[in-house]
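Notes for the one structure printed next.
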Amino acid sequence: MSHNTRQRRLAAQRACDHILSGIRPTTMRERFADLDAGGDLDGQPDFYGDGPVATLEERVAELLGTEAAVFFPTGTMAQQVALRYGADRTGHPTVALHPLGHLEADERHAYAHLSGLRSTWPTTAPRNPTAEEITALAEPVSTVVMELPLRDAGFVLPTWDELAAAAAAARAIGARVHFDGARVWESTPYLAHTLSEVAGLADSTYVSFYKTIGGISGAALAGTTELASYARIWRHRYGGEVFQQWPVALSALAGLDRELPRIPEYVRHARTVAAALSALPGARVYPEPPHTHRFRLWLPHPAQGLNDAALALAEEEKVWFVAGWQEAAVPGTAMAEVTVAAPALDWTPDDVAEAGERFLGRVVDQ
């Protein structure tokens with residue numbers, strides 16, 4: 001996407017009166033105004049990780065029921081430390097990953113280039129590995145990674161029993177369990193267990209502060225006090241010992257207060273929205289019903305035509321429908337990710353159907 005197109009889309013979305021997928025983009029001034037909700041702005045800023053950063057770490061550890069949590073500027077860094085810790089403790093340089101997971105698809109194989117680790121794939125199916133697949137691994141592994149939810153498979157989750165069995169299978173073969181929980185916040189309604197119960201199945205859990213809860217950036221790695229001590233050393237070595245990060249910490253704390261309690265409502269309404277979207281001509285939704293408040297939508301039109309139609313509807317009718325369309329494997333078909341958040345809560349099934357009809361009426365197939 002060109003810079004001009006991106007700016008045009010952001011401007012159109014900000015001006016919309018109704019937003020089905022996503023949230024209204026904010027300006028930097030609006031983000032700064034929001035920091036007041038995260039803590040006392042008259043207090044002292046952090047100094048290499050104390051103050052509001054330490055408060056955030058304590059809050060995450062409490063939510064996840066772990067002994068400690070360590071703040072990281074990026075999730076990529078946090079995950080490298082988690083895998084390095086597992087390899088150091090077990091003596092095995094191999095980690096079990098999913099090819100669609102963040103570590104393989106989005107982090108430029110940092111675990112291999114920075115830590116000298118290698119991967120094995122328990123499965124290539126579009127889901128997390130099963131207990132049987134973990135048991136059948138042909139070589140010892142230091143860590144088994146499960147991404148909750150698995151974003152590039154359609155934000156899919158295992159059932160609670162499947163997740164518990166997979167974690168038990170990993171420990172039975174002598175491996176640690178690491179949850180790539182960038183979006184674990186939105187996973188609890190489907191799993192029907194609390195954050196602490198979910199994290200209790202793992203030896204370490206990574207969470208993101210800008211995904212789902214709307215923070216500026218940042219992540220945390222949660223687990224034992226021993227892991228936390230190790231993580232602080234390697235965070236420094238990786239260049240993550242930042243002088244002051246109070247805006248990031250305050251925005252994360254605000255997100256935990258504001259967004260976390262609303263996620264079950266978003267997930268429930270996502271099922272309503274998905275059902276309405278699936279009734280559009282030629283539409284397909286996956287998973288159906290959605291496991292979280294995010295899901296995938298396919299339509300039998302080229303991506304460019306759908307993106308043009310979404311922008312036109314936004315600019316001319318002040319309605320943001322679904323955008324970010326990408327060409328799918330089947331020619332003439334495109335896929336987009338739908339995120340049902342606060343702006344979508346007042347959309348009824350009829351609203352979705354009517355806006356969808358107007359949206360499709362604007363599509364010009366190339």
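Worth a mention:
- Matching residues, region 28-67, being under 24 Å from Thr224 (Cβ atoms), open to solvent by less than 30 Å² (accessible area, probe 1.4 Å), out of contact with any strand residue (DSSP E or B) (no Cβ under 7 Å at 6 or more places or on another chain) and touching a residue at least 60 places away in the same chain (Cβ under 8 Å): Asp46, Pro52
- All conditions but one from (1) closer than 21 Å to Arg296 by Cβ; (2) touching a His at 6+ places or on another chain (Cβ under 7 Å); (3) surrounded by fewer than 19 Cβ atoms within 10 Å (Cβ to Cβ) apply to Trp160; the one that does not is (1).
- Residue in region 79-99 that is assigned to a loop (DSSP other than H, G, I, E, B), surrounded by fewer than 22 Cβ atoms within 10 Å (Cβ to Cβ) and at pLDDT below 95 present: no
- Reported count of residues in region 289-327, each being assigned to a loop (DSSP other than H, G, I, E, B), in contact with a helix residue (DSSP H, G or I) (Cβ under 6 Å, 6 or more places away or on another chain) and either farther than 16 Å from Ala274 by Cα or among the acidic types (Asp, Glu) (or both), is 1.
- The set of residues from region 163-184 being over 21 Å from Pro264 (Cα atoms) and either touching a Leu at 6+ places or on another chain (Cβ under 8 Å) or surrounded by fewer than 23 Cβ atoms within 10 Å (Cβ to Cβ) (or both) comprises Ala164, Ala165, Ala167, Ala168, Ala169, Arg171, Ala172, Ile173, Gly174, Val177, His178.
- Search result, residues across region 354-366 that are of a type outside the set (Asp, Glu) and either crowded, with 17+ Cβ neighbours inside 10 Å or at pLDDT below 95 (or both): Ala355, Gly356, Phe359, Leu360, Arg362, Val363, Val364, Gln366
- Subset of region 320-353 that is of a type in the set (Asp, Glu) and either under 13 Å from His18 (Cα atoms) or touching a Cys at 6+ places or on another chain (Cβ under 7 Å) (or both) - its residue that is most open to solvent (accessible area, probe 1.4 Å): Asp346
The values are calculated or read from the model by the stated rules, or taken from the named source; none is laboratory data. Worth saying up front: this structure is predicted, and the values here are computed from it rather than measured. Please note: Cβ atoms are built from the backbone with ideal geometry, for glycine as well, and neighbour counts cover all protein chains shown. All accessible areas refer to the heavy atoms of the entire protein, side chains included, with ligands and DNA or RNA removed. Shrake-Rupley method; radii C 1.70, N 1.55, O 1.52, S 1.80 Å.
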